[in-house]
Amino acid sequence: MSYEVIAVIDGDTLLISIFGAETTVRLIGVDAPESVHREKEKNTPEGELASAWLKTFLEGKRVTLEYDQELKDQYGRTLAYVYADGMMLEDVLLMAGMAKALTMEPNTRYHHHFEQLEKQAKEGGNGFWGTGFFEG
């Protein structure tokens, strides 16, 4: 089943419509720079770029969701691997250097895969790896 993307909240969080209900979905396994953090000093221009990049990527697309062990995070957001046009968004973000891999137990199904994609992006100087924003 595919769902309409209502909005991109930031580089790793979406607002989608699931059976008519607005649902906040946090992508599993990645962490993009902050752009809408309640502590304003944590927001960065890179966070704005990652968010804008994801908005452009998702424009006019519908998404499908794949769940792992834990369905909600501490903020009540739905946790999912998100697919658009047959591609996992987490993969796309990592390969473009717009996000880093972030393993959070117990949702670890693809963590080795994500770490490998991050390594390739880092070695290639992709996205924020090439600007020096992401370090080490």
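Looking only at the range 96-125, count how many residues are out of contact with any Asp or Glu (no Cβ under 9 Å at 6 or more places or on another chain), of a type in the set (S, T, N, Q) and touching a residue at least 60 places away in the same chain (Cβ under 8 Å).
Here the count works out to 0.
Do any residues in the range 38-60 that are within 12 Å of ASP10 (Cα to Cα) have Cβ atoms under 6 Å from those of residues that are surrounded by 12 or more Cβ atoms within 10 Å (Cβ to Cβ) and among the hydroxyl-bearing types (Ser, Thr, Tyr), where the two are at least six apart or on different chains, and which pairs are they?
Short answer, once both residue conditions are applied: ASN43/SER35; GLY47/SER35; GLU48/SER35; SER51/SER35.
Given the criterion free of Cβ contacts under 8 Å to residues at least 40 places away in the same chain and under 26 Å from HIS112 (Cβ atoms), identify the matching residue among LEU65, LEU27, LEU71.
Result: LEU71 is the single residue among LEU65, LEU27, LEU71 that is free of Cβ contacts under 8 Å to residues at least 40 places away in the same chain and under 26 Å from HIS112 (Cβ atoms).
Within the range 13-24, can you find the residues that are in contact (Cβ under 8 Å) with a residue 24 or more places away in the chain and of a type in the set (Ser, Thr, Tyr)?
Passing the criteria: THR13, THR23, THR24.
Give the residues of the range 74-96 that are more than 17 Å from TRP53 (Cβ to Cβ) and either in a helix (DSSP H, G or I) or open to solvent by 30 Å² or more (accessible area, probe 1.4 Å) (or both), sorted by residue number.
GLN74, TYR75, GLY76, ARG77, TYR83, GLY86
Has the range 97-115 got any residue that is in a helix (DSSP H, G or I), of a type in the set (Gly, Ala, Ser) and under 26 Å from TYR3 (Cα atoms)? Before the answer, list the steps.
Our first condition is that a residue be in a helix (DSSP H, G or I); within the range 97-115, this holds for 111-115.
Checking the rest, the ones that are also of a type in the set (Gly, Ala, Ser) come to none.
Looking for residues that are in a helix (DSSP H, G or I), of a type in the set (Gly, Ala, Ser) and under 26 Å from TYR3 (Cα atoms), one finds none in the range 97-115, hence no.
Could you go through the range 19-31 and let me know if any residue there is closer than 15 Å to GLY127 by Cα, assigned to a strand (DSSP E or B) and touching a strand residue (DSSP E or B) at 6+ places or on another chain (Cβ under 6 Å).
yes
Looking only at the range 1-60, which residues are among the aromatic types (Phe, Trp, Tyr) and at pLDDT 95 or above? Please lay out each step first, then the result.
The first filter runs over the range 1-60 and keeps only residues among the aromatic types (Phe, Trp, Tyr), leaving 3, 19, 53, 57.
The answer is TYR3, and nothing else.
Suppose we filter LEU54, LEU14 for residues that are assigned to a helix (DSSP H, G or I), out of contact with any Phe, Trp or Tyr (no Cβ under 7 Å at 6 or more places or on another chain), surrounded by 15 or more Cβ atoms within 10 Å (Cβ to Cβ) and of a type outside the set (Ser, Thr, Tyr); which single one remains?
Result of the check over LEU54, LEU14: LEU54.
The values are calculated or read from the model by the stated rules, or taken from the named source; none is laboratory data. These numbers were taken from a predicted model, which means no experiment stands behind them. Here Cβ is always computed from backbone atoms with ideal geometry, including for glycine, and neighbour counts include all displayed protein chains. The accessibility values were calculated without ligands, DNA or RNA, using every heavy atom of the protein model including side chains. Shrake-Rupley method; radii C 1.70, N 1.55, O 1.52, S 1.80 Å.
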